[in-house]
Amino acid sequence: MPDEPLVLGIETSCDETGVGIVRGETLLADAVASSVDEHARFGGVVPEVASRAHLEAMVPTIERACRDAGVTLRDLDAISVTAGPGLAGSLLVGVAAAKALAVALDTPIYGVNHLASHVAVDIVEHGPLPEPTMALLVSGGHSSLLLVPDVTDDVRSLGSTMDDAAGEAFDKVARVLGLPFPGGPHVDRAAREGDQVAIDFPRGLTSGRDMERHRFDFSFSGLKTAVARWVEHRHRAGEPVPVADVAASFQEAVVDVLTKKALLACRENDVDHLLIGGGVAANSRLRALAEERCARAGVTLRVPRPGLCTDNGAMVAALGAQMVLKGREPSDLGLPTDSSMPVTTVLT
Amino acid sequence: MLLLAIDTSTTAITVALHDGDGVVAEETTLDARAHAEHLAPEVQHALAAAGARPADVTDVVVGIGPGPFTGLRVGIVTGRTFAFAIDVPVRGLCSLDALAHAAWLRGHRGDLLVATDARRKEVYAAHHLLDEGAATRVAGPVVDKAMNLPDDWRAMPTVGRGPVLYPEALPHPFTSPVPPPVEVLRGQMRPANTSTGGEAGEPPLLDVSAGALADLAVRRLAADAEFDGLEPLYLRRPDVAPAAPTKSTLG
């Protein structure tokens with residue numbers, strides 16, 4: 001293997017068909033085709049619609065990534081692919097395509113964990129990861145707090161959501177407020193005009209007893225219901241709904257808990273680097289509050305640019321390249337997908 | 001030429017290589033739930049068995065179904081991506097035509113119903129007419145309950161898992177008129193030179209064989225005949241409904 005392996009990564013765990021190409025720790029291409037518009041009228045990602053879109057987008061997206069990177073497939077040293085967690089049917093399209101490339105090009109293949117990839121992507125954005133790093137991953141499908149001594153081999157889950165993912169709560173609240181899907185960017189925009197202390201929405205799993213039993217876990221289902229009830233009371237009373245204030249107060253409740261628990265985890269584990277990834281990391285208030293609290297705690301904050309926070313192939317390529325660089329054994333060509341792959345399984 | 005044929009529309013995850021004279025390697029696994037695990041290793045094994053490198057492949061053909069979606073996509077994306085990687089053409093053929101062609105290779109002539117498992121108590125079905133020249137699809141593919149297929153279809157000899165799953169609706173499982181060609185793995189697959197109604201005893205044609213798919217593709221290429229495109233034959237829309245109105249949270 002060369003010092004700077006050329007690795008192509010494929011990501012199809014949800015509704016984004018992502019193909020990224022990385023040389024060593026340098027990002028060369030990040031091609032993404034999204035089927036999000038096809039899901040909008042259903043108010044959420046429809047697995048079969050996503051799978052069909054992955055099949056159609058796969059070869060064109062591989063082609064685009066190669067063109068953007070200025071490489072040919074024959075130059076590749078390895079293929080990496082998201083083997084889980086994610087939607088079963090979607091994962092299969094990406095894994096089958098990755099295997100076809102590995103056979104056709106006679107390269108090793110690495111079946112990697114989607115969540116670990118969200119962490120690894122920051123290597124191509126901001127350089128090598130301090131070991132250990134604390135990672136807060138928040139998206140439409142995940143809300144996890146991870147302690148990462150070695151992203152290729154040792155990722156530990158400190159906590160995760162007990163019910164809705166943070167991004168899912170944004171989608172549901174957006175719907176209650178009459179904002180489009182996906183809700184994250186719309187709630188964020190509406191919240192900028194609102195007062196974040198206008199309404200005191202609940203902070204899930206932060207009371208004394210919950211902090212003992214679910215110290216680093218999250219819960220957003222109760223918050224979502226509280227918002228829906230508050231809005232419905234307004235409707236019933238015939239009063240207008242202050243959309244901006246509701247959005248701002250809801251958003252504050254989410255990012256307050258996320259950042260508070262993330263920094264507590266840093267302190268208790270003696271970690272001085274916090275990385276935030278996943279689609280919700282694009283939220284402007286989450287970034288601002290995390291910066292403020294990290295600065296106060298003496299913790300260095302790392303957040304990849306928004307395009308690398310949402311699902312993409314570059315993150316899978318980035319983790320694949322780390323696997324090669326650290327000399328990890330490639331996956332067997334018979335590697336399965338695992339829709340509920342635990343985060344502790346970094347490589348299948 | 002070295003044609004790679006792939007089909008994952010039925011329980012069989014099946015791969016074959018055809019050199020223009022005959023099938024030189026065929027790998028098949030029966031596993032309706034693990035298409036992605038088995039397919040790539042099969043391609044690798046078939047290439048090794050044929051003593052070929054991936055870059056030696058000159059053509060790729062994939063069965064485009066109809067078949068259960070998740071498995072079907074595995075074969076199609078594999079064929080498309082493999083062909084793209086080595087920069088050769090990829091073509092699609094209706095998987096039911098491959099099953100009908102397998103019956104033709106065994107010497108069957110006349111009407112034939114292909115009925116494969118569509119799950120949800122339904123079958124994918126097509127009516128083929130087999131003459132000395134070829135098996136031609138006359139009608140279909142459709143997806144329906146076996147009992148709802150036209151009576152004249154259900155009276156035909158039937159290949160695929162339909163008769164196994166729904167013996168009352170599809171009471172005429174196909175039986176080989178004669179033993180199939182012995183040299184499946186060397187020399188051209190020739191249709192057996194006997195009329196219908198000979199002795200039975202051959203394994204029934206339940207699933208697609210990539211060997212038969214490859215043979216059909218090679219004949220179509222030689223005849224400069226049409227292929228079916230590369231879009232999967234889903235025949236069903238995704239199961240979704242637009243979002244329902246938000247329910248009250250106040251009870």
- Query: Considering A:VAL231, A:VAL241, which residue is within 14 Å of another protein chain (Cβ to nearest Cβ) and in contact with a His (Cβ under 8 Å, 6 or more places away or on another chain)?
  - Reply: A:VAL241
- Note on the structure: Considering the range B:34-58, residues that are in contact with a helix residue (DSSP H, G or I) (Cβ under 6 Å, 6 or more places away or on another chain) and within 15 Å of B:THR11 (Cα to Cα), and then whichever is nearest to the other protein chains (Cβ to nearest Cβ), we arrive at B:ALA36
- Message: Considering only the range A:248-260, I want to know if a residue exists there that is at pLDDT 95 or above, outside any loop (DSSP other than H, G, I, E, B), within 19 Å of A:ASP122 (Cβ to Cβ) and not hydroxyl-bearing (Ser, Thr, Tyr).
- Response: yes
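Matching residues to (1) closer than 30 Å to B:GLU37 by Cα; (2) surrounded by 15 or more Cβ atoms within 10 Å (Cβ to Cβ):
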site	(1), (2)
A:ARG293	no, yes
A:GLY307	no, no
A:THR310	yes, yes
A:ALA318	yes, yes
A:GLN322	yes, yes
A:SER331	yes, yes
- Task: Quick one: which residue in A:ALA29, A:ALA83, A:ALA65, A:ALA104 is small (Gly, Ala, Ser) and within 7 Å of another protein chain (Cβ to nearest Cβ)?
- Result: A:ALA104
- In the range A:43-67, what residues are touching a residue at least 40 places away in the same chain (Cβ under 8 Å) and either closer than 24 Å to B:ARG237 by Cα or surrounded by fewer than 20 Cβ atoms within 10 Å (Cβ to Cβ) (or both)? A:GLY43, A:GLY44, A:VAL45, A:PRO47, A:GLU48, A:ALA50, A:SER51, A:HIS54, A:ALA57, A:MET58, A:ARG64
- Check whether at least one residue in the range A:69-76 is buried (at least 18 other Cβ atoms within 10 Å of the Cβ), in contact (Cβ under 8 Å) with a residue 60 or more places away in the chain and within 23 Å of A:LYS172 (Cβ to Cβ), and report yes or no. no
- Taking the range A:40-57, which residues are in contact with a Phe, Trp or Tyr (Cβ under 9 Å, 6 or more places away or on another chain) and at the interface with chain B (Cβ under 9 Å from one of its Cβ atoms)? A:ARG41, A:PHE42, A:GLY43, A:GLY44, A:GLU48, A:VAL49, A:SER51, A:ARG52
- Item | Top-ranked residue of the range B:143-163 - restricted to ones that are within 15 Å of the chain's Cα centre (by Cα) and outside any helix (DSSP H, G or I), ranked as farthest from B:ILE64 (Cα to Cα) | B:THR158
- Task: Run A:VAL95 past the list (1) at pLDDT 95 or above; (2) surrounded by fewer than 22 Cβ atoms within 10 Å (Cβ to Cβ); (3) part of a helix (DSSP H, G or I) and report the number of the one that doesn't hold.
- Result: (2)
- Could you give me the residue pairs with C-beta distances under 6 Å whose first residue belongs to the range A:291-319 and is not assigned by TED's automatic domain parsing to the domain that holds A:MET58 and of a type outside the set (Asp, Glu), whose second residue is part of a loop (DSSP other than H, G, I, E, B) and surrounded by fewer than 24 Cβ atoms within 10 Å (Cβ to Cβ) wherever it lies, and which are 6+ apart or on separate chains? A:VAL299/A:ASP272
- Query: Just one of the numbered conditions (1) in a helix (DSSP H, G or I); (2) more than 9 Å from chain B (Cβ to nearest Cβ) is not true of A:ARG74; which one?
  - Reply: (2)
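The values are calculated or read from the model by the stated rules, or taken from the named source; none is laboratory data. All values derive from a computational prediction rather than experimental measurement. When we count neighbours, we look across all protein chains shown, and the Cβ atoms used for this are built from the backbone with ideal geometry, even at glycine.
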